Amino acid sequence: MSSVEKIAVSLPVVEAERLKAFAKRIKVPRSAVVRQALRVFFIKGGEDLIREQYARYYAGEKQREEDLKLAHAMSALSRKSWPRSSP
């Protein structure tokens with residue numbers, strides 16, 4: 001590698017432990033594992049995958065907003081006094 005740039009990455013403890021254990025098992029530095037994982041991610045179209053996940057999430061957000069509005073409306077209706085129906 002001709003030139004490198006150091007970066008800091010924050011990982012959840014569980015993932016950091018898995019990374020450390022995996023790197024130790026295959027006897028390579030953690031940075032080599034992360035580099036290879038990123039290469040695979042980019043080769044397999046990871047950027048597109050992330051975009052699709054964001055699109056699905058935010059499409060779901062719109063649906064959740066509509067569901068929430070409906071739930072509030074139904075809740076308000078349930079608190080109203082309704083006329084009793086005659087038998």
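So how many residues does region 1-37 have that are among the charged types (D, E, K, R), assigned to a helix (DSSP H, G or I) and closer than 22 Å to E47 by Cβ?
2
Hey, among the residues in region 15-68 that are among the small types (G, A, S) and under 16 Å from the mean Cα position of the chain (by Cα), which one's surrounded by the most Cβ atoms within 10 Å (Cβ to Cβ)?
G46
Every number in this text was worked out from the coordinates using simple rules, so none of it is lab data. This one's a predicted model, so the numbers in the text were calculated from it and none came from an experiment. Neighbour counts are summed over all protein chains in view; Cβ atoms, including those assigned to glycine, are modelled from backbone coordinates with ideal geometry.
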